[in-house]
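Colleague: Shown below is the structure under consideration.
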Amino acid sequence: MALHRGSRKHGERHISVNPFFGDADPVSGMTEAPPTHRMPEKPLSPATAYQVVHDELMLDGNARLNLATFVTTWMEPQAAVLMAECLDKNMIDKDEYPRTAELERRCVAILADLWNAPDPSAVVGCSTTGSSEACMLAGMALKRRWSQRNADRYPGARPNLVMGVNVQVCWDKFCEFWEVEPRLVTMEGDRFHLDPRAAAELCDENTIGVVGVLGSTFDGSYEPIAALCAELDALKERTGLDIPVHVDGASGAMVAPFLDEDLVWDFRLPRVASINTSGHKYGLVYPGVGWALWRDADALPEELVFRVNYLGGDMPTFALNFSRPGAQVAAQYYTFLRLGREGYRAVQRSTRNVATYLAGEIEKLGDFRLLTRGDQLPVFAFTTADHITAYDVFDVSRKLREYGWLVPAYTFPPGREDLSVLRVVCRNGFSHDLADLFLADLTRALPGLRRQQGPTGEKEAATGFHH
């Protein structure tokens with residue numbers, strides 16, 4: 001979560017309360033407007049408090065028009081009702097809420113089967129607050145396994161983790177928080193993610209693992225997990241180094257099983273020790289829920305699992321968070337039950353069709369060059385064509401914001417820092433109709449952009465990069 005500071009000048013600003021917000025007496029409680037940065041002295045009626053907060057939140061962007069986020073912005077009304085019924089259930093209290101715990105167990109079993117575990121009953125897994133926590137847990141397991149194998153050298157030797165420079169920021173956090181050296185494969189030319197051979201060359205006796213990303217947030221492309229495992233197999237034959245792979249499938253692990261069934265990236269590869277995904281991305285659940293699965297108990301060191309005598313039951317846990325609501329887990333099981341494989345396939349196919357259609361239509365405008373086409377993740381990145389000098393991608397992002405669309409513009413990381421792009425994330429609920437409306441607004445914005453004397457240079461005003 002973002003860090004915030006307290007107000008430096010408490011009490012200077014107050015909330016204006018409309019007299020019509022009152023219940024029976026429209027001016028009751030109006031003698032003093034409540035402050036914004038300190039607790040008011042007296043209570044408000046629930047209707048008034050609701051209306052005050054509701055009105056301020058109207059200034060947020062429309063989530064359905066946010067083409068920056070991967071996070072689910074629409075679910076069926078029945079799912080919302082189910083989540084509301086579970087908001088008061090503490091997910092950690094499995095003794096008091098055994099059925100919620102059972103739904104979590106079933107979701108892990110469903111994912112183990114979906115990701116082709118050789119022995120689904122041997123898989124160990126848990127829900128998390130999202131993929132960031134899941135990645136932290138997977139990284140901790142990799143480091144602990146490495147330290148066990150190198151007990152004679154650790155903590156003297158410094159562990160390292162190999163990954164592409166395109167990884168989500170949670171992996172940078174993991175390396176910083178857990179004192180692991182990040183070894184990054186840079187981008188090069190038209191390769192915008194990890195290169196398997198370059199990754200293997202960065203490995204040594206202190207490498208705890210290699211992270212492969214199934215669906216890069218920068219451009220929506222899949223990293224070649226099978227080729228990565230093959231390179232590490234060859235490395236083991238040459239050097240004896242046996243390095244596990246973690247697949248960060250935050251988005252792609254809930255797309256590839258339905259649309260790319262012949263793509264081998266999961267537990268079918270013996271070198272893949274663990275996989276994570278975001279239930280609240282292409283898992284089609286409101287935030288926040290993620291999942292982390294390990295191939296078997298050997299992949300998750302037992303000493304990382306805490307057995308807690310809590311509220312009357314002995315409970316094994318592996319988490320950074322403790323108390324959290326069971327609502328998202330219930331919603332995940334509801335979605336698995338509601339859609340099944342055929343339903344997920346239909347939803348993801350429709351979303352990919354929208355992405356490839358919209359990418360193709362944007363290319364036809366002539367002002368832009370596609371980097372990806374939405375044919376892996378339903379995500380594509382594009383930049384201005386070489387002949388466009390009047391404006392840049394940041395100008396486009398800022399102009400689209402005037403129409404209500406949030407489209408991130410950002411510069412690529414080391415290796416391609418010269419490249420600035422726009423990225424569109426297509427999600428369930430972003431229909432062909434909405435895509436046509438977006439295309440119409442983009443087309444409407446182009447004449448004014450073409451009349452500019454050059455890019456405005458106001459990069460800070462454009463929509464930032466969102467994972």
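Colleague: Condition first: crowded, with 19+ Cβ neighbours inside 10 Å, in a loop (DSSP other than H, G, I, E, B) and not aromatic (Phe, Trp, Tyr). Now tell me which residues in region 389-411 satisfy that.
Modeller: Asp392, Val407, Pro408
Colleague: Sticking with this one: Of everything in region 272-297, what is crowded, with 24+ Cβ neighbours inside 10 Å, assigned to a loop (DSSP other than H, G, I, E, B) and touching a helix residue (DSSP H, G or I) at 6+ places or on another chain (Cβ under 6 Å)? Give them in sequence order.
Modeller: Gly279, Tyr282, Gly283, Leu284, Val285, Val289
Colleague: What single numbered condition from (1) part of a strand (DSSP E or B); (2) touching a Pro at 6+ places or on another chain (Cβ under 9 Å); (3) basic (Lys, Arg) fails to hold for Arg352?
Modeller: So Arg352 meets the others, but not (1).
Colleague: Of all the residues that make up region 420-456, how many are part of a loop (DSSP other than H, G, I, E, B) and either open to solvent by less than 50 Å² (accessible area, probe 1.4 Å) or closer than 15 Å to Ala355 by Cβ (or both)?
Modeller: Here the count works out to 7.
Colleague: If you go through region 33-50 one residue at a time, do you hit one that is open to solvent by 70 Å² or more (accessible area, probe 1.4 Å), at pLDDT 85 or above and under 30 Å from Val396 (Cβ atoms)?
Modeller: Checking region 33-50: not a single residue is open to solvent by 70 Å² or more (accessible area, probe 1.4 Å), at pLDDT 85 or above and under 30 Å from Val396 (Cβ atoms).
Colleague: Would you check which residues across region 156-187 are out of contact with any Pro (no Cβ under 8 Å at 6 or more places or on another chain) and among the aromatic types (Phe, Trp, Tyr) and list them?
Modeller: Scanning region 156-187 gives Phe174, Phe177, Trp178.
Colleague: While we're on this one: How many residues does region 221-261 hold that are part of a strand (DSSP E or B) and acidic (Asp, Glu)?
Modeller: Number satisfying all stated conditions: 1.
Colleague: Okay, next question. Identify, by number, the condition in (1) touching a residue at least 12 places away in the same chain (Cβ under 8 Å); (2) charged (D, E, K, R); (3) under 24 Å from Met163 (Cβ atoms) that Asp418 doesn't meet.
Modeller: It fails just one condition, (1).
Colleague: Can you tell me which of (1) part of a loop (DSSP other than H, G, I, E, B); (2) under 22 Å from Glu342 (Cα atoms); (3) more than 22 Å from the chain's Cα centre (by Cα); (4) among the hydrophobic types (A, V, I, L, M, F, W, C) is the one Leu59 doesn't meet?
Modeller: If we test Leu59 against (1) part of a loop (DSSP other than H, G, I, E, B); (2) under 22 Å from Glu342 (Cα atoms); (3) more than 22 Å from the chain's Cα centre (by Cα); (4) among the hydrophobic types (A, V, I, L, M, F, W, C), just (2) comes out false.
Colleague: Starting from residues that are modelled with pLDDT of 95 or more and within 17 Å of Ala297 (Cα to Cα), keep the ones in region 84-117 and report whichever is surrounded by the fewest Cβ atoms within 10 Å (Cβ to Cβ).
Modeller: Asp113
Colleague: Can you confirm whether Asn90 is under 30 Å from Ala250 (Cβ atoms), polar (S, T, N, Q) and over 23 Å from the mean Cα position of the chain (by Cα)?
Modeller: In short, yes.
Colleague: Is it the case that Gly209 is touching a Ser or Thr at 6+ places or on another chain (Cβ under 6 Å), closer than 30 Å to Gly288 by Cα and crowded, with 21+ Cβ neighbours inside 10 Å?
Modeller: When the stated conditions are applied, Gly209 does not pass them.
Colleague: Moving on to the next point. Check region 129-143 and report whether any residue there is crowded, with 16+ Cβ neighbours inside 10 Å, assigned to a loop (DSSP other than H, G, I, E, B) and among the polar types (S, T, N, Q).
Modeller: Yes, region 129-143 has at least one match.
The values are calculated or read from the model by the stated rules, or taken from the named source; none is laboratory data. Worth saying up front: this structure is predicted, and the values here are computed from it rather than measured. Because the Cβ atoms are built from the backbone with ideal geometry, glycine has one as well, and the counts that use them run over all protein chains shown. Remember, those area values only see protein heavy atoms, side chains included, never the ligands or the DNA or RNA. Shrake-Rupley method; radii C 1.70, N 1.55, O 1.52, S 1.80 Å.
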